[in-house]
Amino acid sequence: MDKVEQEIVVNNIHGLHARPAALFVQIANKFDSAVQLEKDGDIVDGKSIIAVLSLGVTKGTRIKLMLEGDDANEAFMELRKFLEENNA
Amino acid sequence: MISGLLKYMNEEDIIINLKARNKKNAISVMLNCLVNTKRIGKNDKRLILKVIMQREDMGSTAIGGNIALPHARLDCVKDIVSCIAISREGIDFDSLDEEPVHIIVLLLSNQKEAGLHLKTLAYLAKMLRDKSFVRKLEAAKEKSEVISLIARQSNV
């Protein structure tokens, strides 16, 4: 069981509002690992759109990505790429 | 912070027992409500409906858990306008979890209000991520009950 935790500055131009949040969750759900996001002490399930949306993550926001599970490393790479890319 | 939401929610812009055949019809009924309460112009309704449906075509805003948050930013909308509808039967909204939608919160913002628009969506999500709150909303029988539930949830 792997555990990965890292702070990331979100560079996605639209932050994580409705559509990007849905895309993030879609990627997260490809993996078996538990995915959590933390912003300002608020920790939410990274596999739920409403939860991700509720963080109100805008471009430039620093969040912590936390993963736990057998495919945590692989999931981390993909999710970090999504958050860091300026995919308008 | 969430209490700021109440500024944009009016008792008269709540539909307690929404009857609608489908997603487009539901949104149309909600826009009619906003026309009647003069939050949006009658002549703007068609354009607003078109923009909302274009957004829905990109990906449904029915994000699971029986909730939908259709939204759009337009020049013809003043500040931020919202309408809440509750459907007892549930509406097919092409939701991501394929479940019918019981709570629809429609959010319209002025084109210039990108930041506030996203912030308001986030506040709505924060409120609605609480499943027991959603169940209480679904069961509300009066418009005033919806407002007081939201006010209470805002203080959590």
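The values are calculated or read from the model by the stated rules, or taken from the named source; none is laboratory data. Values in this document were obtained by computation on a predicted structure and should not be read as measured data. Here the Cβ is made from the backbone with ideal geometry for all residues, glycine too, and neighbour counts use every protein chain on show.
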B:GLU89, sole failed condition from (1) more than 17 Å from B:LEU18 (Cα to Cα); (2) in a strand (DSSP E or B); (3) acidic (Asp, Glu): (1)
If you go through segment B:51-76, how many residues are touching a residue at least 24 places away in the same chain (Cβ under 8 Å) and in a helix (DSSP H, G or I)? 3
Of the numbered conditions (1) away from chain B (no Cβ under 11 Å); (2) modelled with pLDDT of 95 or more; (3) not in a helix (DSSP H, G or I), A:ILE27 satisfies every one except a single condition; which is it? (3)
Considering residues that are of a type in the set (Asp, Glu), exposed (fewer than 15 other Cβ atoms within 10 Å of the Cβ) and either more than 23 Å from A:GLY46 (Cβ to Cβ) or touching a helix residue (DSSP H, G or I) at 6+ places or on another chain (Cβ under 6 Å) (or both), the number found within segment B:87-136 is 1
Test result for B:ILE48, more than 24 Å from B:LYS141 (Cβ to Cβ), among the aliphatic types (A, V, I, L, M) and part of a helix (DSSP H, G or I): yes
Out of the residues in segment B:105-156 that are of a type in the set (A, V, I, L, M, F, W, C) and not in a helix (DSSP H, G or I), state the one that is farthest from the chain's Cα centre (by Cα). B:VAL156
Can we say A:ALA51 is facing another protein chain (nearest Cβ under 8 Å) and either in contact with a strand residue (DSSP E or B) (Cβ under 6 Å, 6 or more places away or on another chain) or assigned to a loop (DSSP other than H, G, I, E, B) (or both)? yes
In this structure, is B:LEU47 more than 23 Å from B:GLU11 (Cβ to Cβ) and away from chain A (no Cβ under 14 Å)? yes
Could you count how many residues in segment B:50-97 are over 20 Å from B:GLU12 (Cα atoms) and either more than 14 Å from every other protein chain (Cβ to nearest Cβ) or among the β-branched types (Val, Ile, Thr) (or both)? 14
Give segment A:5-26 a look and list any residue that's more than 27 Å from B:ARG73 (Cα to Cα) and among the β-branched types (Val, Ile, Thr), or say none. A:ILE8
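Per-residue answers, yes or no, for (1) surrounded by 13 or more Cβ atoms within 10 Å (Cβ to Cβ); (2) under 10 Å from the mean Cα position of the chain (by Cα); (3) in a loop (DSSP other than H, G, I, E, B); (4) within 14 Å of chain B (Cβ to nearest Cβ):
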residue: A:GLU7; (1), (2), (3), (4): no, no, no, no
residue: A:ALA21; (1), (2), (3), (4): yes, yes, no, yes
residue: A:ILE43; (1), (2), (3), (4): yes, no, no, yes
residue: A:GLY56; (1), (2), (3), (4): yes, no, yes, yes
residue: A:ILE63; (1), (2), (3), (4): yes, yes, no, yes
residue: A:ASN73; (1), (2), (3), (4): yes, no, no, no
For segment B:103-144, what are the residues that are free of Cβ contacts under 8 Å to residues at least 12 places away in the same chain and polar (S, T, N, Q)? B:SER132
Quick one: is B:ARG21 over 19 Å from B:VAL146 (Cβ atoms), over 12 Å from the mean Cα position of the chain (by Cα) and not aliphatic (A, V, I, L, M)? yes
